[in-house]
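A.B. asks: Structure provided below as structure tokens; questions to follow.
What follows is calculated from the coordinates using simple rules that are stated; it is not laboratory data. Here the structure is a predicted model, which means the values were calculated and not measured. Virtual Cβ from ideal backbone geometry, glycine too; neighbours counted across all protein chains shown.
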Amino acid sequence: MHDALRGQRAHWAEALASRADRFGSAPSAPARAAAERFLAAGARDLLELGAGQGRDSLHFARRGLRVAALDFAASGVAAIRAKARAAGLEHMLAAVEHDCAEALPFADASFDACYSHMLYCMALSTPRLEALSAEVLRVLRPGGLQIYTVRSTADPDCGAGTSYGDDMCEANGFVVHYFGRDLVKRLARGFDLLDVTEFEEGDLPRRLFRVTQRKPAVRAPAAAPRRRAGRR
Ligand SMILES: C[S@@+](CC[C@H](N)C(=O)[O-])C[C@H]1O[C@@H](n2cnc3c(N)ncnc32)[C@H](O)[C@@H]1O
């Protein structure tokens, strides 16, 4: 692995430590929409990946979802814990320091839903993303929903800066993996892919995909064919 990819954890930890609410304090538009979608589906337990400083985690907890918010930056995790404490929501929001390149630290079928805003498009190679996707499938309950967003190959920044192959580029020390639709389809393995929507965010504007997919529900075993009544 290239050193720039290895150094991302320290780089993010420093970036989040040096600026409170780097992405703003208000919840993102995808998080507001995802919260309603998850609640409408009856979700209670939510896993959030790459939660940053918790702007979306707080929103989910306020809307009544029990959230496990993961990030590999210790400063981000500390910020989320402080916000949960200040809001009196520690019973609804637990922040965990974890690198999503590793297996998720949860038992099978622990969550009703999984959300991530711009985590899959971090410095994770395609094989690592496939492994992460399989992990999300494992920790979701049957019928569980996943909503994730990623910067797409149509993003104005795609191709700028130093390229590491696999559609990954580094600019200002941050590595981004830009997604084409083929990669979205590849990561839908084992899921029912429900929706892929293009949207824009910020002043650039960034161009992203919002992907919604579902772990198939367990099907009831087919009923045995009934014998027809009558003479034998
Ligand atoms: C673009 S920021 C988005 C933060 C947050 N989702 C938001 O929208 O406010 C990406 C976040 O992912 C985290 N991150 C990047 N790679 C990660 C990894 N391999 N495991 C866990 N977190 C990671 C970074 O520390 C950062 O907080």
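A.B. asks: Summing +1 for each Lys or Arg and -1 for each Asp or Glu, what net charge is found among the other residues whose Cβ lies under 15 Å from the Cβ of Arg55?
C.D. replies: Net charge around Arg55: +2.
A.B. asks: Same structure again: Quick one: the Cα spread of region 27-182 along its three principal axes, in angstroms, biggest first?
C.D. replies: Principal extents (largest minus smallest coordinate, Cα): 43, 34, 27 Å.
A.B. asks: Against the longest alpha carbon principal axis of the chain, how many degrees, from 0 to 90 and to the nearest 10, is the axis of helix 74-86 turned?
C.D. replies: On a 0 to 90 degree scale, this one is about 70.
A.B. asks: If packing is taken as the mean number of other Cβ atoms within 10 Å per residue, what is the order of 129-141, 46-58, 82-94, highest first?
C.D. replies: Numbers: 129-141: 18.9, 46-58: 26.3, 82-94: 15.3.
The densest-packed peptide leads the list: 46-58, 129-141, 82-94.
A.B. asks: Counting Lys and Arg as +1 and Asp and Glu as -1, each charge on the Cβ, what is the dipole of region 149-232 about the Cα centre in debye, to the nearest 20?
C.D. replies: On the way: 16 positive and 12 negative charges, 374 e Å.
I would put it at about 1800 debye.
A.B. asks: Based on DSSP H runs of at least 4 residues, each adding -39500 (n - 2.57), what is the mean residue ellipticity at 222 nm of the chain after dividing by all its residues, to the nearest 500 deg cm²/dmol? Present the calculation step by step, with values, prior to reporting the outcome.
C.D. replies: Values: 7 runs with 69 residues, N = 232.
Dividing the helical sum by the residues of the chain leaves -8500 deg cm²/dmol.
A.B. asks: Measure of size requested: the Rg and Dmax of region 106-183, with Cα atoms as the atom set and Å as the unit; please supply both.
C.D. replies: Reported Rg and Dmax, both Å: 14.0, 41.
A.B. asks: How large is the charge dipole for the chain, taken about the Cα centre, if only the Cβ atoms of Lys, Arg (+1) and Asp, Glu (-1) carry charge, to the nearest 20 debye?
C.D. replies: Values: 33 positive and 28 negative charges, 380 e Å.
The calculated dipole for the chain is roughly 1820 debye.
A.B. asks: Here's something else I'd like to know. Please list, by residue number, everything in region 191-209 whose backbone N is under 15 Å from a paramagnetic label point 7 Å out along Cα→Cβ of Phe174.
C.D. replies: 201-208
A.B. asks: Using only Cα atoms, find the angle between the long axis of helix 8-18 and the longest principal axis of the chain, and express it within 0 to 90 degrees, rounded to the nearest 10.
C.D. replies: 70
A.B. asks: What whole number of Å gives the distance from the Cα centroid of region 27-41 to the Cα centroid of region 59-100?
C.D. replies: 17
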